[in-house]
Amino acid sequence: MCVVGAGTAGAVAAMSAKAHGVSVALIDTKPRNQIGNKVCGDTVSCSIIQRLGELVGFRGLMNSVERTLTGVEIFLKDTDYSISTEVEFYSVDRLTLGQELVASCEGMGVKISDGCAFLRPIFADGVVSGIQAHSHVNGIIEIDAPIVIDATGLAGRVRKFFPPISESLDPYDMWNCYREIRKLEKETELVSSMSYYVDQRLAPGGISWSFPRSSTNVNAGVCTPSITGFNPKQLFDKFVVETSYFTNSKVLESAAAPEPVRRPLNTLVSDGVMVVGDAAFQTSPITGGGIDYSIYAGEIAGRVAAQSMSKKGVEARDLWPYNLEFMRTVGREIAIQDVFRRFLWSLTNNEVKFIVDNGLLDEHDFIHLYVGGQYSGGIVNIVKKCFRLLPCVTSLPLFFNTLQALRRVRKVARLYENFPEPHDLPEWKLKVSGLFKEMPSRIARE
């Protein structure tokens, strides 16, 4: 089989398939020493690394870990209100992480071709039989593979050739992100916590963050939907000015990149093809984070691909177990976050505070939206609680909008928990698209 793209999702998919006994070719356009260089928040949960070790034998992170983070705090700016909890995450050097994953692939016997760009799929007798690519060393080459995994990031270069998975990204569902690594003048009290800042003035429809990399180095940035027309670099400059611990800090590096923030592709497979990572929209709609999700998806995809390799002419139904396992678990989680993204970012800071203060969402559930855990509250019980609070609610429109969002969460959760077999997918897609079309897309302005 062939994996196109050696980022986190692609490298893990290659490791997973190889661990299950199949030959794997892994290609990437970047030179070998730059694989893994990507703009992101540079955090990964300790639990997903442990899972990777248990399932595919990954020996764990070594030189990439810069700090172990033990907390997350969400600040509702301009309200003097925050929510915090304990978590276990690693703050990593993203490039070094990528190099460790690729080195693990090499150690397992995966054939890696760097500086190699995917051109098109190859078909034989109407089924996928491999890919054509351009190598900076060998020119045009062909790689035989009955299964191709698209891990090419937001570009989705492979899936564009396959209509069932060629779904486009709505501008509302894409963030423009700007990130800097900064050296602070002195250590902050948040030295072991991931900090998110919810502020419709400084990050309309998006989010600001600051994650410790060391006692004084931080990864910080701003993401905002492309449709807002705001420049995230300019928003970040304001964030720096208004955040006291950035005073006299120095910029060590900076970069910008787009990021998908929506529910996953309606299907992650087509005949002979699977999609993982950003190419499959497997990122958090609340924070834009995707390393954990890409590792989870890559492991499943590689395993399912390996189990299907014995058949010549692999069809979508042969790869469907990947859809079922991912969509009914993490896919459900991402879809729920997408509902809340559309709801939360239509609110002012004070409206968000009102919702938390009045228990419409408790702090535990609010935290889980940001750190990637499944929505833990009983939706039916929360809806009942909303009605009990009705007599003391002072903002009826906000109350009913919250209730409507919770009802939509329940519907979306049930749809993904019952992700269908192939013959029922068209009906399922209609139900999902209908639900999301009903949801608000307004972005509050302060």
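The values are calculated or read from the model by the stated rules, or taken from the named source; none is laboratory data. All figures in this text were calculated on a predicted structure; none of them were measured in a lab. Don't worry about glycine lacking a Cβ; one is built from the backbone with ideal geometry, like all the others, and counts go over all protein chains shown.
Please verify whether Lys312 is touching a residue at least 24 places away in the same chain (Cβ under 8 Å) and out of contact with any Asp or Glu (no Cβ under 9 Å at 6 or more places or on another chain), treating the condition exactly as stated. Before the answer, list the steps.
Numbers: touching a residue at least 24 places away in the same chain (Cβ under 8 Å): yes; out of contact with any Asp or Glu (no Cβ under 9 Å at 6 or more places or on another chain): yes.
Against the criterion (touching a residue at least 24 places away in the same chain (Cβ under 8 Å) and out of contact with any Asp or Glu (no Cβ under 9 Å at 6 or more places or on another chain)), Lys312 qualifies.
Given the condition in contact with a Ser or Thr (Cβ under 6 Å, 6 or more places away or on another chain) and not aliphatic (A, V, I, L, M), answer yes or no: does some residue in segment 304-315 qualify? Lay out the reasoning, then the answer.
As a first pass, look at segment 304-315 and keep what is in contact with a Ser or Thr (Cβ under 6 Å, 6 or more places away or on another chain): 314.
Among the residues that remain, those that are also not aliphatic (A, V, I, L, M) are: none.
The answer is no, given that none of the residues of segment 304-315 is in contact with a Ser or Thr (Cβ under 6 Å, 6 or more places away or on another chain) and not aliphatic (A, V, I, L, M).
The rows are residues; the columns are (1) part of a strand (DSSP E or B); (2) at pLDDT 95 or above; (3) over 20 Å from Tyr296 (Cα atoms).
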| position | (1), (2), (3) |
| --- | --- |
| Ala17 | no, yes, no |
| Val22 | no, yes, no |
| Glu54 | no, no, no |
| Arg67 | yes, no, yes |
| Val72 | yes, no, yes |
| Phe75 | yes, no, yes |
| Ser84 | yes, no, yes |
| Thr96 | no, yes, no |
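It is to be established whether one or more residues within segment 280-295 are acidic (Asp, Glu) and over 18 Å from the mean Cα position of the chain (by Cα). Before you say what the answer is, go through the steps one by one.
Initial filter on segment 280-295 (acidic (Asp, Glu)): 292.
If we keep only those that are over 18 Å from the mean Cα position of the chain (by Cα) too, we end up with none.
Looking through segment 280-295, none of the residues is acidic (Asp, Glu) and over 18 Å from the mean Cα position of the chain (by Cα).
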Of those in segment 330-353 that are surrounded by 20 or more Cβ atoms within 10 Å (Cβ to Cβ) and small (Gly, Ala, Ser), the residue nearest to Gly206 (Cα to Cα) is Ala335
Residues in segment 160-218 that are assigned to a loop (DSSP other than H, G, I, E, B) and not hydroxyl-bearing (Ser, Thr, Tyr) total 20
Exception for Leu97 within (1) surrounded by 14 or more Cβ atoms within 10 Å (Cβ to Cβ); (2) not assigned by TED's automatic domain parsing to the domain that holds Ala19 falls at (2)
Requested in this report: Take Ala124 and decide whether it is touching a residue at least 24 places away in the same chain (Cβ under 8 Å), within 29 Å of Ala19 (Cβ to Cβ) and among the small types (Gly, Ala, Ser).
Outcome: no
Would you confirm, using the coordinates I've provided, whether Leu389 is modelled with pLDDT under 60, assigned to a helix (DSSP H, G or I) and touching a helix residue (DSSP H, G or I) at 6+ places or on another chain (Cβ under 9 Å)?
yes
Yes or no: segment 29-46 includes at least one residue that is small (Gly, Ala, Ser) and surrounded by fewer than 17 Cβ atoms within 10 Å (Cβ to Cβ). no
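Just one of Ser129, Ser135, Ser166 is crowded, with 17+ Cβ neighbours inside 10 Å, out of contact with any Gly (no Cβ under 6 Å at 6 or more places or on another chain) and of a type in the set (Ser, Thr, Tyr); which is it? Explain how you work it out, then say what you get.
Working: Ser135 fails: crowded, with 17+ Cβ neighbours inside 10 Å; Ser166 fails: crowded, with 17+ Cβ neighbours inside 10 Å.
On inspection, the qualifying residue turns out to be Ser129.
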Item to complete: Scan segment 237-258 and give yes if some residue there is aliphatic (A, V, I, L, M), free of Cβ contacts under 8 Å to residues at least 60 places away in the same chain and either surrounded by fewer than 23 Cβ atoms within 10 Å (Cβ to Cβ) or part of a helix (DSSP H, G or I) (or both), otherwise no.
Response: yes
Exactly one of Val330, Val339, Val275 is touching a residue at least 40 places away in the same chain (Cβ under 8 Å), under 16 Å from the mean Cα position of the chain (by Cα) and closer than 15 Å to Val128 by Cβ, and that residue is Val275
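Looking at the structure I just gave you, is Phe58 modelled with pLDDT under 95, among the aromatic types (Phe, Trp, Tyr), in a strand (DSSP E or B) and touching a Ser or Thr at 6+ places or on another chain (Cβ under 8 Å)?
Working: modelled with pLDDT under 95: yes; among the aromatic types (Phe, Trp, Tyr): yes; in a strand (DSSP E or B): no; touching a Ser or Thr at 6+ places or on another chain (Cβ under 8 Å): yes.
In short, no.
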Taking segment 423-442 and the residues there that are of a type outside the set (D, E, K, R) and loosely packed, with under 14 Cβ neighbours inside 10 Å, the one that is farthest from the chain's Cα centre (by Cα) would be His423
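Take Ser310 and decide whether it is among the small types (Gly, Ala, Ser) and surrounded by fewer than 23 Cβ atoms within 10 Å (Cβ to Cβ). Spell out the reasoning first.
On the way: among the small types (Gly, Ala, Ser): yes; surrounded by fewer than 23 Cβ atoms within 10 Å (Cβ to Cβ): yes.
So Ser310 fits the description; yes.
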Every listed condition ((1) crowded, with 23+ Cβ neighbours inside 10 Å; (2) outside the structural domain of Gly21 (by TED's automatic domain parsing); (3) in contact (Cβ under 8 Å) with a residue 60 or more places away in the chain) holds for Leu268 save (2)
